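A quick write-up on the structure given underneath.
What follows is calculated from the coordinates using simple rules that are stated; it is not laboratory data. The shown structure was predicted, so the numbers you read here are calculated from the model rather than taken from an experiment. No Cβ is skipped: glycine too gets one built from the backbone with ideal geometry, and neighbour counts run over all protein chains shown.
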């Protein structure tokens, strides 16, 4: 589990093809590896990866074919800047929100606007994920815990303050850039509970279902 509060950024420094999947190395001088051991988890652009090798200023991880099919790692080039967060501890401040490191979908930037010292970033909202997203709720973008400040049927707006821009990869986003999305964990499990009598967990939550379950 993670909080979505980015601890450091790193660069993709090596990619090794291994049959249908890959092994990658991410280098960084910003992340403290003193409490990291083999088998630990590090969220990398929001993707939970298991450490397979450790260097003085780098770590390696395997990226399975399943992860490649649902994330952007297969499209990243050497030098790609990546947000990093070590797995949370029981004593970690919950500064963001509960993040699993399991990407739900990929989106892209549709427009960007300046507002004082902040930036408004609009992202396309995939139809399959729209019912999980709420105005003023939390969403994870490339591993960053952010607040949805405006919501339409097919897009969401984020407001990026200078500190977040300085500490993460979000300052490098441009119109058309692709990002990983992870919806709020509670919303995803709530839907599963409401649909517990069926194998179909993608049917969505509607007013009739809420009434049937006694919420209305």
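Result for the chain in a Gaussian network model with C-alpha springs under 10 Å: among 157, 188, 18, the largest mean-square fluctuation is at 18. Just to be sure I understand: with springs between alpha-carbon atoms less than 10 Å apart, which residue in 25, 52, 114 has the highest mean-square fluctuation in the Gaussian network model of the chain? Greatest mean-square fluctuation among the candidates belongs to 114.
Exposure proxy for 112, 88: other Cβ atoms within 10 Å of each Cβ, ordered fewest to most, give 112, 88. With respect to the chain, whose longest principal axis is taken over its alpha-carbon atoms, helix 185-194 is tilted by about 40°. Helical content of the chain, expressed as a calculated mean residue ellipticity at 222 nm, amounts to -3000 deg cm²/dmol (DSSP H runs of 4 or more residues, -39,500 (n - 2.57) each, divided by residue number, nearest 500). The modelled label-to-label distance between residue 111 and residue 92, using points 7 Å beyond Cα along the C-beta direction, is 3.6 nm.
Name the shape class, rounded, prolate or oblate, that the alpha-carbon gyration tensor gives for the range 52-154, where a ≥ b ≥ c are the square roots of its eigenvalues, rounded holds for a/c under 1.5, and otherwise prolate holds if a/b is larger than b/c and oblate otherwise. Let's see the in-between values first.
Values: a/c = 1.66, a/b = 1.44, b/c = 1.15.
Cα axes put the range 52-154 in the prolate bin.
Let me have the relative contact order for the chain, percent, based on Cα pairs under 8 Å that are six or more residues apart. RCO, the chain: 22 percent. Remark: C-alpha extents of the chain on the principal axes read 56, 45, 37 Å, sorted largest to smallest.
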